[in-house]
Amino acid sequence: MTTIAANLQAVRARIAAACLQAGRAPAEVKLLAVSKTWPAEDLRQAVEAGQHYFGESYVQEAQGKQAALADLALEWHFIGPLQSNKTRPVAELFDWVHSIERLKIAQRLSEQRPEGLPPLNVCLQVNVSGEASKSGCDPDEAVALAGAIAVLPRLTLRGLMAIPEPTDDQHHQQAQFARVRMLFQAIKTAHGLNLDTLSMGMSHDLEAAIAEGSTLLRVGTAIFGQRQPA
Ligand SMILES: *Cc1c(COP(=O)(O)O)cnc(C)c1O
């Protein structure tokens, strides 16, 4: 078995254990393999181990891998910071975008989503930790912003994404994820939206995220190994 296959198996075992602990069904939690910085061959190994959803953060890097893996039916998620001059390739090449934090970016993605493709699935990214350096909209603006994104014709708003402040304290991790879950409820109630996605939880905090209702984990390091600093 390859290292990547063994790592995937270990991550799936962590997910199963956390779901058991939380009284949830593992089928409710989707695993996204975050493959930024790793070559196409590594993704192919993950595919051979049963993984079909991949998360990428850099447009050009992702384009190269999508071309190299065009023989496979994969689902591609864009999770990185998105500048307005990069929206077109993202609207054309991805199935999901998790990192929407402004209405203007959502509008451009909707306008640029090709007619022949289904609507682009999107999540609104929320800055729950309040760190100035972090991406994501202000939680106080999330309800209004979600309402404005939900009516864009070529997008389907699926839910929220968050990257909490890194901490080893599981209680603090859980408190931040709980804020995201409560905002998610508030948005569904305010707009009567049928949202189904809480994109939260990474290699070091997936257990806390599952305990707070995550439906989509974005896991890189625990599958592919430690990334080299840029
Ligand atoms: C890199 C990245 C991840 C994966 O983080 P790991 O700690 O390697 O699991 C998840 N989400 C986003 C938005 C990322 O940029």
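Annotations
- Long-range tail of P(r) for the chain (Cα pairs > 31 Å, %): 18
- Over the range 25-138, the Kirkwood radius and the radius of gyration, each from Cα atoms, give a ratio Rg/Rh of 0.97.
- Think of the range 132-230 as a dipole: +1 on every Lys or Arg Cβ, -1 on every Asp or Glu Cβ, centred on the Cα centre; then among LEU155, CYS137, THR221, LEU155 lies furthest on the positive end.
- Note on the range 80-137 and the range 8-69: Cα centroid distance 20 Å, given to the nearest whole angstrom.
- Residue (of ALA6, PRO26, ALA46) at the positive-pole extreme of the range 1-88, dipole from beta-carbon charges: PRO26
- Residue among ALA209, ALA150, ALA17 with the largest mean-square fluctuation in a Gaussian network model of the chain, springs linking Cα atoms under 10 Å: ALA17
- Dipole magnitude for the chain: about 300 debye, using +1 per Lys or Arg Cβ and -1 per Asp or Glu Cβ, origin at the Cα centre.
- Peptide packing: for 213-226, 61-74, the average count of neighbouring Cβ atoms within 10 Å per residue gives the ranking 213-226, 61-74, highest mean first.
- Inter-site label distance for SER133 and ASN194 at 7 Å from Cα along Cβ, in nm: 4.2
- Based on DSSP H segments of at least four residues, each scored -39500 (n - 2.57), the chain has a per-residue ellipticity at 222 nm of -12500 deg cm²/dmol.
Read-outs throughout are calculated quantities, based only on the coordinates presented, and are distinct from any laboratory measurement. What you are looking at is a predicted structure, and each value in this text was computed from that prediction instead of being measured. Don't worry about glycine lacking a Cβ; one is built from the backbone with ideal geometry, like all the others, and counts go over all protein chains shown.
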